[in-house]
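Undergrad: This is the structure I want to talk about, given as structure tokens.
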């Protein structure tokens with residue numbers, strides 16, 4: 001086999017319909033477009049979402065709420081998770097790199113420490129934000145909080 005005798009597989013190439021080429025073609029006259037109406041005319045295109053005169057879905061379903069473009073999305077980490085990783089890996093300092101290393105946050109996440117659970121380890125925690133209860137819980141056991 002070489003490039004001079006390559007051909008497509010048998011039956012894979014089909015000729016298109018020859019529309020509007022006289023009555024003998026069976027597609028003359030109306031050219032397979034039916035009789036009258038907008039669809040039979042050249043240049044016809046229906047609008048996106050048109051449902052044949054029925055009220056379209058995008059007009060039926062109401063708009064609701066809004067998206068705040070200035071919203072900051074935080075990854076929430078509870079102090080009980082900090083307690084677990086502090087005990088397991090004997091840590092005293094916890095920052096975003098530590099949270100990323102142990103799978104609690106992605107590298108680009110903004111991290112907020114929340115106050116769910118109990119904390120007994122004395123920790124220095126660096127994060128983007130702290131809840132009031134988390135800050136109190138960390139400082140009660142002698143730890144420090146730093147907003148970065």
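Read-outs throughout are calculated quantities, based only on the coordinates presented, and are distinct from any laboratory measurement. Everything numeric here is computed off the predicted structure, so don't read it as measured data. Cβ coordinates were reconstructed from backbone atoms using ideal geometry, including for glycine residues, and neighbour counts include every protein chain displayed.
Undergrad: For the pair residue 36/residue 68, report the inter-label distance in nm, with labels modelled 7 Å from Cα in the Cβ direction.
TA: Distance between label points: 5.9 nm.
Undergrad: Compute the semi-axes of the equivalent ellipsoid of the range 47-89, taking the square root of 5 times each eigenvalue of the Cα gyration tensor, and list them largest first in whole Å.
TA: Semi-axes (√(5λ), whole Å): 50, 13, 9.
Undergrad: Pulled fully out, how much extra length does the chain show between residue 58 and residue 122, if you take 0.36 nm times their separation in residues and subtract their Cα-Cα distance?
TA: 17.5 nm
Undergrad: Could I ask something else about it? Using 0.36 nm per residue of separation minus the Cα-Cα distance, give me the extension gain between residue 146 and residue 87 in nm, one decimal.
TA: Full extension of this stretch gives 19.2 nm more.
Undergrad: Using the count of nearby Cβ atoms within 10 Å as a rough guide to exposure, how do 107, 18 rank from fewest to most?
TA: By the 10 Å Cβ count, ascending: 107, 18.
Undergrad: Here's another thing I want to ask about it. Restricting the calculation to Cα positions, tell me the Rg (one decimal) and the Dmax (whole number) of the range 51-120 in Å.
TA: Expressed in Å, the Cα Rg and Dmax of the range 51-120 come to 21.2, 69.
Undergrad: Also, quick follow-up: What number, in nm² with one decimal, is the all-direction average of the projected area of the convex hull of the alpha-carbon atoms of the chain?
TA: Averaged projected hull area, Cα only: 22.9 nm².
Undergrad: Next question, about the same structure. For residue 48 and residue 25, FRET efficiency with R0 = 41 Å and r from the beta-carbon atoms, rounded to 0.05?
TA: 0.80
Undergrad: Another one. Can you sort 95, 2 by how many other beta carbons sit within 10 Å, fewest first?
TA: 2, 95
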